[in-house]
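Have a look at the structure below before the remarks.
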Amino acid sequence: MKDEQMKDKHRVDGKAMVQVLTHIANVIEANKDYLCALDSEVGDGDHGVSMTIGMRTARKALAALQHPTPQTALQAVSDAFADEVGAASGVMYEVGFAAAAQASAGKAALDQAADWAAIYEAMAGAIQQIGKAELGDKTMLDAWLPAAQATRNAAQTGATVPVGLAAGTAAALHGVEETRQLIPKRGRASRLGERARGFQDAGATSAYLIMKALDEAIAEAISA
């Protein structure tokens, strides 16, 4: 009975997922200038703008959902990036959120750390498949891959949803910090070689912000 009560407490149904994803969109928009500043150091300087465009569109699409499920809410974010973001990040998050939607297919609610581990793994796997990057290439995967592994490890120990997500967020932050010492192997930044060392990757940073915002939103939702 105690386990069932804990699952209910950590239950994230379609309505809650809309709220969580809306919070993520707000956080990304609030960090638009920060992400652009990071991107300007080794890239085009538009990462914050691209991510904000996608998240603004996603926010509108989420608000329009009549009877959301976790799957339809996640798919709405994927569709928003597909429709409005032409930059590389648009493609990455189109496939990433579509994979997350598929990972939650058939679930009325997500109430276990394993559910979120599956979502993170699906997102990381889809992004890696289309981007062809590896851990250490100084991309968003330097946040997504460690987060997926940490969340899965936590789930396997029987961690609650908040503990599992916190583990993923912490791993993502560590990955972001590590990008400062990496040489980019993908994208336009790869042309800079050693000159890009010492700068934090904008894509990894926005990935971390997504996970941190998700972590915060769920913690707030389940404590209400």
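The values are calculated or read from the model by the stated rules, or taken from the named source; none is laboratory data. Note that the coordinates shown come from a computational prediction; the quantities given were computed from them, not determined experimentally. Because the Cβ atoms are built from the backbone with ideal geometry, glycine has one as well, and the counts that use them run over all protein chains shown.
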Legend entry - Residue among Trp144, Trp116 that alone is within 19 Å of Gly175 (Cβ to Cβ), assigned to a helix (DSSP H, G or I) and touching a strand residue (DSSP E or B) at 6+ places or on another chain (Cβ under 8 Å): Trp116
Inset, instruction - Could you list, in sequence order, all residues of region 147-173 that are buried (at least 22 other Cβ atoms within 10 Å of the Cβ), over 11 Å from the mean Cα position of the chain (by Cα) and without any contact (Cβ under 8 Å) to a residue 60 or more places away in the chain? - result: Ala150, Thr151, Ala154, Ala155, Gly164, Leu165, Ala167, Ala171
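Residue by residue, here is whether (1) of a type in the set (Ser, Thr, Tyr); (2) under 22 Å from Ala105 (Cα atoms); (3) modelled with pLDDT of 95 or more; (4) over 16 Å from the mean Cα position of the chain (by Cα) holds:
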position: His10; (1), (2), (3), (4): no, yes, no, yes
position: Leu21; (1), (2), (3), (4): no, yes, yes, no
position: Ile24; (1), (2), (3), (4): no, yes, yes, no
position: Asn31; (1), (2), (3), (4): no, no, yes, no
position: Leu38; (1), (2), (3), (4): no, no, no, yes
position: Val42; (1), (2), (3), (4): no, no, no, yes
position: Met51; (1), (2), (3), (4): no, no, yes, no
position: Ala64; (1), (2), (3), (4): no, yes, yes, yes
position: Pro70; (1), (2), (3), (4): no, yes, yes, no
Inset, instruction - Kindly provide the set of residues from region 23-43 that are buried (at least 22 other Cβ atoms within 10 Å of the Cβ) and of a type in the set (Asp, Glu), ordered by number. - result: Asp39
Inset, instruction - Determine whether Leu21 is in a helix (DSSP H, G or I) and farther than 29 Å from Leu182 by Cβ. - result: yes
Inset, instruction - Could you check how many residues of region 70-84 are surrounded by fewer than 23 Cβ atoms within 10 Å (Cβ to Cβ) and of a type in the set (A, V, I, L, M, F, W, C)? - result: 1
Legend entry - Which listed residue is at pLDDT below 95, in contact with a helix residue (DSSP H, G or I) (Cβ under 9 Å, 6 or more places away or on another chain) and in a helix (DSSP H, G or I), from Leu209, Leu173, Leu165, Leu192: Leu192
